[in-house]
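What follows is calculated from the coordinates using simple rules that are stated; it is not laboratory data. All figures in this text were calculated on a predicted structure; none of them were measured in a lab. Please note: Cβ atoms are built from the backbone with ideal geometry, for glycine as well, and neighbour counts cover all protein chains shown.
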Amino acid sequence: MIDEVLAWSGLILGVIGLAATYYQTVKLSQVRRQRQENLLTILNRTNFIKLDHEIVDDLCSRHGDVIMARHLWQVVQSSVELYMRIVDEYLSGEDRFTFDDLNRMVGGPLISRPWQYRYWADQIARRPENRDSPVPEAPPVPNMARVDRYFHLRGEAVPPSFSGL
């Protein structure tokens, strides 16, 4: 009698343990996916707030204020560093990320300059699934519309686009 009770209680506890493990696995998967989605949102926002070199050059040449120029270039540099850090964080949370995945991102809101593509490609090349693949050349990356819009609002022609960092 006692052996049967122990057997049944052990079976019930085992089933409860398996159910709890399954529940925790599902919840952890959801948390990881939400983290990755949040990082993509932050990456998109970081890319959006980063000042473009053309705009900073124009502002600095118009005003000639050394302090303002220094501040603007520090903003550019810190936003670039933040962008790169978030790319690293995002890639660390992905189980697998290949150059094909990267090429699907080109032209979207996350990669808007050639230097960004090169940074992603360099980081992806270090992953085990890509070690045997050659690093692809950067495809043409469309320029961001905000530079065009900035000069359009000023009523001026857009200068030649800066090639990147």
Cα-based Rg of the stretch 1-146 per 2.2 N^0.38 Å, rounded to two decimals? 1.65
Tell me, what is the percent relative contact order of the stretch 2-154, built from C-alpha pairs under 8 Å that lie six or more residues apart? 21 percent
For the stretch 67-138, which trypsin sites (Lys or Arg not before Pro) are in a loop by DSSP, counting at most 13 other Cβ atoms within 10 Å? Arg96, Arg126, Arg131
